[in-house]
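S.K.: I'd like to ask you about the structure that follows.
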Amino acid sequence: MTPVLARSPSVLRSLAYALRRALAPDSPLVADVPALGLSFALPARSGLARHLYKYRSYEPHVGNWVLANFPFGGGGLFVDIGANFGWYACLFSLIAGERGKVVAFEPEPVNHGLLKANLSRNGCPNVIALQEGLAERPGVLSLRLYKPSNPGRHSMLGASGADAVEVPVTTLDERLRALALDERPIDLIKIDVEGYEPFVLRGGPLALSRCRNLVVEYSPDLMRQGGVDPASLVELLASTGMRASVLQEGGPVPVDPVALLSMGGQVDLLWQRIP
């Protein structure tokens, strides 16, 4: 039976989290996800730790689409760009199984450490975890760091004057070529890099040409604040021939790419190559 992710809040877990954060905010807090048989260790001060510990799920509208469309152990190639603490990398590992492969990119040192630790915790030998970012061309870029309570908001488009760390970057096509994965079809790319998506995807035209599904966090307001026109992302993906949908709790809802250009806020988009 296909597992289903659902938010399952608990007053007791909420109280336990509050106590742990008060007593030891920097110590690891282990959050279990029984639906997947996974667990994740995160700093107790992190909002992600609070969310996972309280709800035992993360972005179920995305995860449930993935679970409904890819069987566990089915093989294939999955790419996680902006892997953070490893939620999707671990999920993709279950799906890829022994016959498949997952490539996860996370350039920020602390997040990469969490990614590696959670991959080890959950037994994910089919995941290649790389401490590097992706861009339009190889080099070194400044990654602006958000507050410790929300490390998923680090961005190449961060506000001027924010703390930053220099990180190595390469292109998606070059890295997959170096891994001898440049001729394999890509079952799914997940990308969440806080508005920097157009630059990452410009470095992967060959990868996009053989990608069947792409899930992208679309944040047009954030992109505009960082001086990036959201049309640069929408037009790039539309040019690949993939069709766009908005991922919602009830499943994907088709959307006209033109409508995305006037959108604000943040949504998760699914782009699919439909025969």
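The values are calculated or read from the model by the stated rules, or taken from the named source; none is laboratory data. A quick note: this is a predicted structure, and the numbers were derived from the prediction, not measured. Positions of Cβ are backbone-derived with ideal geometry, glycine not excepted, and every protein chain shown enters the neighbour counts. Calculation scope for accessible area: heavy atoms of the full protein, side chains included, ligands and nucleic acids excluded. Shrake-Rupley method; radii C 1.70, N 1.55, O 1.52, S 1.80 Å.
S.K.: Let me spell it out: the conditions are (1) under 28 Å from Ala96 (Cα atoms); (2) at pLDDT below 95; (3) in a strand (DSSP E or B), and Leu143 meets all of them except one. Which number is the exception?
M.R.: (1)
S.K.: Hey, another quick one. Being open to solvent by 40 Å² or more (accessible area, probe 1.4 Å) and of a type in the set (Asp, Glu): is that true of Glu194 here?
M.R.: Numbers: open to solvent by 40 Å² or more (accessible area, probe 1.4 Å): no; of a type in the set (Asp, Glu): yes.
No: the conditions fail for Glu194.
S.K.: Out of Val103, Val11, Val110, which single residue is aliphatic (A, V, I, L, M) and in contact (Cβ under 8 Å) with a residue 60 or more places away in the chain? Can you show your working first?
M.R.: Working: Val11 fails: in contact (Cβ under 8 Å) with a residue 60 or more places away in the chain; Val110 fails: in contact (Cβ under 8 Å) with a residue 60 or more places away in the chain.
Every option except Val103 fails the conditions.
S.K.: Identify the residue in region 20-43 that is surrounded by fewer than 20 Cβ atoms within 10 Å (Cβ to Cβ) and modelled with pLDDT of 90 or more and, among all such residues, is nearest to Val110 (Cα to Cα).
M.R.: Ala41
S.K.: So which of Asp187, Asp163, Asp221 is modelled with pLDDT under 95, under 29 Å from Ala6 (Cα atoms) and either open to solvent by 10 Å² or more (accessible area, probe 1.4 Å) or of a type in the set (Ser, Thr, Tyr) (or both)?
M.R.: Working: Asp187 fails: modelled with pLDDT under 95; Asp163 fails: under 29 Å from Ala6 (Cα atoms).
The conditions single out Asp221.
S.K.: Sort through Leu141, Leu94, Leu181 and tell me the only one that's of a type in the set (A, V, I, L, M, F, W, C), farther than 24 Å from Glu235 by Cα, surrounded by fewer than 20 Cβ atoms within 10 Å (Cβ to Cβ) and in contact with a Leu (Cβ under 8 Å, 6 or more places away or on another chain). If you could, list the steps in order and put the result at the bottom.
M.R.: Working: Leu141 fails: in contact with a Leu (Cβ under 8 Å, 6 or more places away or on another chain); Leu94 fails: surrounded by fewer than 20 Cβ atoms within 10 Å (Cβ to Cβ).
Every option except Leu181 fails the conditions.
S.K.: What number goes with the only condition from (1) at pLDDT 95 or above; (2) closer than 18 Å to Val4 by Cβ that Leu52 does not pass?
M.R.: Here Leu52 clears every test but (1).
S.K.: Of all residues in region 173-199, count the ones that are aliphatic (A, V, I, L, M), part of a helix (DSSP H, G or I) and out of contact with any helix residue (DSSP H, G or I) (no Cβ under 7 Å at 6 or more places or on another chain). Steps first, answer last, please.
M.R.: Here is the first cut: in region 173-199, the ones aliphatic (A, V, I, L, M) are 176, 178-181, 186, 188-189, 191, 193.
The next check asks that each one be part of a helix (DSSP H, G or I); those that pass are 176, 178.
Next, from what is left, pick out any that are out of contact with any helix residue (DSSP H, G or I) (no Cβ under 7 Å at 6 or more places or on another chain): 178.
Residues flagged as aliphatic (A, V, I, L, M), part of a helix (DSSP H, G or I) and out of contact with any helix residue (DSSP H, G or I) (no Cβ under 7 Å at 6 or more places or on another chain) within region 173-199 amount to 1.
S.K.: Return the residue satisfying two criteria in turn: it lies in region 242-275 and is part of a loop (DSSP other than H, G, I, E, B) and in contact (Cβ under 8 Å) with a residue 60 or more places away in the chain, and of such residues it is surrounded by the fewest Cβ atoms within 10 Å (Cβ to Cβ).
M.R.: To start, the set of residues in region 242-275 that are part of a loop (DSSP other than H, G, I, E, B) comprises 242, 249-250, 255-256, 261-266, 273-275.
Cutting the leftovers down to in contact (Cβ under 8 Å) with a residue 60 or more places away in the chain gives us 249, 273.
On the way: Glu249: 8, Arg273: 16.
Once the filter is applied, the top-ranked residue is Glu249.
S.K.: Out of the residues in region 62-75 meeting the condition of being under 15 Å from Thr2 (Cβ atoms) and of a type outside the set (A, V, I, L, M, F, W, C), tell me which one is least open to solvent (accessible area, probe 1.4 Å).
M.R.: Gly63
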